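Okay, so here's the structure we're looking at.
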Amino acid sequence: MASFEPDNPARPPAGVWLCALGEIADPGGKSFRFRDGARMFAGFVIRQGEEARGYVDSCPHAGWPLAPMDDRYLTRDGHHILCAGHGALFRLDGMCVSGPCEGDHLHDWTVEVRDGEVFTA
Ligand code: FES
């Protein structure tokens, strides 16, 4: 079952510490995975300066994970999130601007930064 389902028991609740913001390249991304028995939730966090945005690691086109390797979500210029599946490009706010799912949005995984640390929200 897809990891963006809201009833996925592996999706962490609000308030779970993820990492220090400084552990994420600026700009850059970081992969996170949580398990609950056989179920898995995969998400990633994109950093831009002091801001962090979280998304479910599932492309709205075909549901594949976006990155070919952990943490490798952004294009070389750092301006877009790239899905390695079929080359869709997303703005850092999650909107697809090029590719087979143009106009669709990544599934939000809400996170927040508090005192330089990233938490689920
Ligand atoms: S799975 Fe992402 S573009 Fe096809």
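The values are calculated or read from the model by the stated rules, or taken from the named source; none is laboratory data. Everything quoted here is computed from the prediction, not taken from an experiment. Note: ideal-geometry Cβ built from the backbone for every residue, glycine included; neighbour counts use all protein chains shown.
Yes or no: region 50-60 includes at least one residue that is over 14 Å from residue 25 (Cβ atoms), surrounded by fewer than 18 Cβ atoms within 10 Å (Cβ to Cβ) and within 13 Å of the chain's Cα centre (by Cα).
So far as region 50-60 goes, no, none of its residues is over 14 Å from residue 25 (Cβ atoms), surrounded by fewer than 18 Cβ atoms within 10 Å (Cβ to Cβ) and within 13 Å of the chain's Cα centre (by Cα).
Out of region 70-90, which residues are part of a loop (DSSP other than H, G, I, E, B), more than 9 Å from the ligand (Cβ to nearest atom) and in contact (Cβ under 8 Å) with a residue 12 or more places away in the chain?
Those that are part of a loop (DSSP other than H, G, I, E, B), more than 9 Å from the ligand (Cβ to nearest atom) and in contact (Cβ under 8 Å) with a residue 12 or more places away in the chain: 70, 71, 72, 73, 75, 78, 79, 80.
Results for (1) within 13 Å of the ligand (Cβ to nearest atom); (2) within 26 Å of residue 116 (Cα to Cα); (3) assigned to a loop (DSSP other than H, G, I, E, B); (4) not basic (Lys, Arg), shown as yes or no for each residue.
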{"position": "12", "(1), (2), (3), (4)": "no, yes, yes, yes"}
{"position": "25", "(1), (2), (3), (4)": "no, yes, yes, yes"}
{"position": "42", "(1), (2), (3), (4)": "no, yes, no, yes"}
{"position": "53", "(1), (2), (3), (4)": "no, yes, no, no"}
{"position": "65", "(1), (2), (3), (4)": "yes, no, yes, yes"}
{"position": "68", "(1), (2), (3), (4)": "yes, no, yes, yes"}
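How many residues does region 90-112 hold that are surrounded by 17 or more Cβ atoms within 10 Å (Cβ to Cβ) and over 14 Å from residue 64 (Cβ atoms)? Let's see the steps before the verdict.
Within region 90-112, the subset surrounded by 17 or more Cβ atoms within 10 Å (Cβ to Cβ) is 90, 92, 94, 96, 99, 101, 106-107, 109, 111.
Filter once more, keeping what is over 14 Å from residue 64 (Cβ atoms): 92, 94, 109, 111.
So the answer is 4.
Would it be correct to say that residue 94 is within 16 Å of residue 42 (Cβ to Cβ), in contact with a Pro (Cβ under 9 Å, 6 or more places away or on another chain) and at pLDDT 95 or above?
no
Looking at (1) in a strand (DSSP E or B); (2) away from the ligand (no atom under 12 Å from the Cβ), which one does residue 96 not meet, given that it meets all the others?
Every listed condition holds for residue 96 apart from (2).
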